[in-house]
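The values are calculated or read from the model by the stated rules, or taken from the named source; none is laboratory data. Predicted, not measured: the structure shown is a model, and the values here were computed from it. Every residue, glycine as well, gets a Cβ built from its backbone with ideal geometry; the counts of neighbours run over all protein chains shown.
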Amino acid sequence: MTEAALTISSKNYSSWSLRGWLLCRMAGLDFVEQVVPVDDPTNRAELLLLSPSILVPCLMHQGIRVWDTLAIAEYLNEVRPEAGLLPKTLAARTRCRSICGEMHSGFANLRSALPMNLKAHHPGFKIWSGARADIDRIMTIWRECFAEHHGPYLFGRLTMADAMYAPVVTRFLTYGVKLDRDCAAYCDRIMTWPDMMAWRAAALIEPDELEELDMEF
């Protein structure tokens with residue numbers, strides 16, 4: 001019998017669902033997926049960035065309900081500390097939490113201009129200044145982490161930060177964002193992470209579609 005249930009939405013479009021799912025996998029949690037269809041009005045509003053709150057993913061574990069991806073990350077760190085979702089030292093944990101928080105609350109221009117869509121590919125996509133500033137900031141975060149912790153992931157080994165930034169990696173690939181060598185190599189590592197490969201494979205065969213996010217740019 002599985003010990004938990006994780007409610008998610010579209011694997012193709014939902015960056016928050018991807019983060020929550022990766023975190024649960026990293027924590028070694030035995031969970032079942034409960035999928036909310038894209039034609040559900042609340043779910044659709046979240047995916048199109050029209051909802052004032054984000055309630056998916058939602059984790060049910062041992063009678064406790066926790067939603068919001070950052071809250072899920074902190075909860076899993078408490079119940080599964082051996083999974084190492086946070087780095088070992090205080091300084092690294094603090095930085096990890098800071099950049100996770102920045103991803104959680106920021107980069108609105110990137111989210112709206114380059115929506116997550118694993119099935120799509122838009123080479124030569126025109127990136128306007130607002131999204132470009134977000135991209136530059138993300139690359140700066142990554143470079144600083146590589147300089148301090150020497151890779152191959154943001155804090156050396158996989159942590160919650162890599163789960164939080166994984167959807168950004170898919171956006172960079174979907175829209176052909178030009179990256180320096182280190183950032184491009186990091187994207188390759190994330191996309192060949194077995195859990196990420198499993199998510200992408202499922203996303204590519206997902207039947208649901210959102211016309212608003214499948215438009216020709």
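Here are the numbers for the structure shown:
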read-out: Subset tally (residues that are surrounded by fewer than 20 Cβ atoms within 10 Å (Cβ to Cβ) and under 19 Å from Leu154 (Cα atoms)) for the stretch 55-76; value: 2
read-out: Subset tally (residues that are in contact (Cβ under 8 Å) with a residue 60 or more places away in the chain and either among the hydroxyl-bearing types (Ser, Thr, Tyr) or more than 17 Å from Trp193 (Cβ to Cβ) (or both)) for the stretch 150-169; value: 2
read-out: Members of the stretch 61-100 that are part of a strand (DSSP E or B) and farther than 15 Å from Gly28 by Cα; value: Ile64, Arg65, Val66, Trp67
read-out: Output for the stretch 98-126, where each listed residue is more than 9 Å from Thr174 (Cβ to Cβ) and crowded, with 17+ Cβ neighbours inside 10 Å; value: Ile99, Cys100, Met103, His104, Phe107, Asn109, Leu110, Arg111, Ala113
read-out: Helices (runs of 4 or more DSSP H) contained in the stretch 101-217 and holding at least 1 residues touching a strand residue (DSSP E or B) at 6+ places or on another chain (Cβ under 6 Å); value: 129-149, 160-174
read-out: Conditions (1) loosely packed, with under 13 Cβ neighbours inside 10 Å; (2) at pLDDT below 95: number failed by Ala91; value: (2)
read-out: Pair list, Cβ < 7 Å and 6+ apart or interchain, from the stretch 121-146 residues that are in contact (Cβ under 8 Å) with a residue 60 or more places away in the chain to residues that are surrounded by 14 or more Cβ atoms within 10 Å (Cβ to Cβ); value: His122/Thr174; His122/Tyr175; Phe125/Tyr175
read-out: Residue list for the stretch 67-107, restricted to those being small (Gly, Ala, Ser) and free of Cβ contacts under 8 Å to residues at least 24 places away in the same chain; value: Ala71, Ala91, Ser98, Ser105
